[in-house]
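To keep things clear, I will list the structure first and then write my remarks on it.
The values are calculated or read from the model by the stated rules, or taken from the named source; none is laboratory data. These numbers come from a predicted model, not from an experiment. All Cβ positions, even for glycine, are placed from backbone atoms using ideal geometry, and neighbour counts span all protein chains on display.
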Amino acid sequence: MSIEIGSVVEGVVTGITNFGAFVELPGGKVGLIHISEVADVYVRDVKDFLKEQDKVKVKVLSVDERGKIGLSIKQLQAAPAGNAASPRRAHANDNRRPNKFNSLSFEDKLNKFLKDSDERLTDLKRNTESKRGGRGAARKAE
């Protein structure tokens, strides 16, 4: 049986590494499910999701000229949801708490940054000048 990109096949997990899992496919070929293609959620350890000798359905993502086969479980799970783009990644701002700074315009944020920056520079100059003046005067007096 030839393995074609986009096809769904069933295989047996033959090995697990820290970067993914090797799956024996029909016809004796072996493919790799990369850790990023194991599940829709963050995967710290592949062993939390798969064990050796597990039967898994996988989608063939790639077959390169050297015969390496890229597989995915995640893309099979996302397909029935209807819209594959939205469940995979929410907006970056959804998890943040709203605050006053987020509602400001760009110009207001820039003005606030410049004001804070000027205040910090002024404080820094005061600190360094007082240290220079204090030590230099004490040395000359001796």
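Observations on the structure shown:
- Extreme residue, surrounded by the most Cβ atoms within 10 Å (Cβ to Cβ), among residues of the stretch 59-74 that are among the basic types (Lys, Arg) and under 13 Å from LYS29 (Cα atoms): LYS68
- Any chance ARG135 is basic (Lys, Arg), within 30 Å of ILE3 (Cα to Cα) and at pLDDT below 85: no
- Residues in the stretch 28-79 that are of a type in the set (S, T, N, Q) and under 20 Å from the mean Cα position of the chain (by Cα): SER36, SER72, GLN75, GLN77.
- Exactly one residue among ASP94, ASP45 is modelled with pLDDT under 85 and acidic (Asp, Glu), and that residue is ASP94.
- Test: residue in the stretch 48-58 that is more than 17 Å from GLU4 (Cβ to Cβ), of a type outside the set (Asp, Glu), in contact with a Lys or Arg (Cβ under 8 Å, 6 or more places away or on another chain) and modelled with pLDDT of 90 or more: no
- Residue that is nearest to LEU61 (Cα to Cα), among those in the stretch 1-21 that are under 25 Å from the mean Cα position of the chain (by Cα) and surrounded by fewer than 18 Cβ atoms within 10 Å (Cβ to Cβ): GLY6
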